[in-house]
Amino acid sequence: MREVFQQELREVQDRLVEISGLVAVSIENATRAFNESNVSLAESVIADDDKIDAAAAELDELAINILARQQPVARDLRIVVSALRISASLERMGDMSEHIAQLARYRFPDKVVPKSLRPTFAEMGALDVEIAKKLVELLKTEDLKVAEEIRNEDDKVDALHLAVFDKVLGETWKGAAVDTVDATLASRYHERFADHAVSIAKKVQYLATGDWVPSDV
C-alpha cells in the first residue's frame, strides 16, 4: 500500500509539471498573438484553455481521492494540499493567457495597443514567458533559487504594469477610450499572470520547507 501511495504522490507532482508546461505554451502563444495580431494563434490559445482546465480538474480529483483514502500526514499531506492550491493558480494563469489572446482576436486585424505602448507590452510578455518557463523548472526541482528568480521577474512585470498606468493616465496620452480600456486590461492580465506564478513559488517554498508564506493572490 505504501508503494502505491508514493506512486500516487509522484503522479500528483508529475501532473503539476505537465499542467505548468501547458500554461507555458499558452502564455508564449498568447503574447505572440497579442504582439503580432495573429488571430489564428489567438484562436488556438482560446481553444486550448479547455485542456488546462480539464487537466487541473483531473489533478484535483486525484488529490481529493488521495486525501480521502490515504489520510496523509506531514510532508505527504503538504504535497497533496499544495497540489490543490497550485492547480487552482495554474488554471487561473491559463485564464490570463486566454484573456490576452481574446484581446488579440477582438481587435484583429488591428493591434491591441497603440504604437507607443507596444515595446512595453513586448517586454512584459517576454517576462511572463520567462516566468512560466521558470515555473516548470521550479515544479520539477523544488529549487528555491528558481522561486526567488520568479519573484524578481515579477517585480519587473509590476514596474511595467505601473508604467502602463502612468502612460494612459498622463496628460500626453492621446489614445481613444477603447485604447485606454484595452491597455489597462492587457496590462492587468500580464501582471496577474506573474502574480499567480509568485503565489505558486510561495507554495513550493512551503512544500520544501514547511514554512508558510502568506500570499496576496
Next on the checklist: GLY210 - would you say it is at positive phi and open to solvent by 20 Å² or more (accessible area, probe 1.4 Å)?
Outcome noted: yes
Next on the checklist: ARG32 - would you say it is assigned to a helix (DSSP H, G or I), over 15 Å from the mean Cα position of the chain (by Cα) and under 19 Å from GLU137 (Cβ atoms)?
Outcome noted: no
Next on the checklist: Yes or no: segment 93-111 includes at least one residue that is at pLDDT below 95, part of a loop (DSSP other than H, G, I, E, B), open to solvent by less than 50 Å² (accessible area, probe 1.4 Å) and hydrophobic (A, V, I, L, M, F, W, C).
Outcome noted: no
Checklist entry - If you scan segment 144-166, which residues turn out to be open to solvent by 40 Å² or more (accessible area, probe 1.4 Å), closer than 20 Å to LYS111 by Cβ and modelled with pLDDT of 95 or more? => result ALA163
Checklist entry - From the residues in segment 119-133 that are without any contact (Cβ under 8 Å) to a residue 40 or more places away in the chain and closer than 20 Å to ALA24 by Cβ, which one is least open to solvent (accessible area, probe 1.4 Å)? => result GLU130
Checklist outcome for this item: Checked segment 171-190 for anything farther than 12 Å from PRO114 by Cβ, outside any helix (DSSP H, G or I) and open to solvent by less than 70 Å² (accessible area, probe 1.4 Å); matches are none
Checklist entry - Counting only residues that are surrounded by 14 or more Cβ atoms within 10 Å (Cβ to Cβ), within 16 Å of ILE19 (Cα to Cα) and charged (D, E, K, R), how many does segment 54-83 have? => result 1
Next on the checklist: Checking the conditions here, which among VAL25, VAL45 is without any contact (Cβ under 8 Å) to a residue 24 or more places away in the chain, within 15 Å of the chain's Cα centre (by Cα) and closer than 28 Å to ALA186 by Cα?
Outcome noted: VAL25
Checklist entry - Among the residues of segment 84-128, which ones are closer than 16 Å to LEU185 by Cβ and of a type in the set (Gly, Ala, Ser)? => result SER97, ALA101, ALA104, GLY125
Next on the checklist: Go through segment 16-42 and report how many residues are over 30 Å from THR120 (Cβ atoms) and crowded, with 20+ Cβ neighbours inside 10 Å.
Outcome noted: 1
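The values are calculated or read from the model by the stated rules, or taken from the named source; none is laboratory data. The structure presented is a predicted model; accordingly, all values stated were derived computationally and were not measured. We place every Cβ from the backbone using ideal geometry, glycine too, and count neighbours over all the protein chains shown. All accessible areas refer to the heavy atoms of the entire protein, side chains included, with ligands and DNA or RNA removed. Shrake-Rupley method; radii C 1.70, N 1.55, O 1.52, S 1.80 Å.
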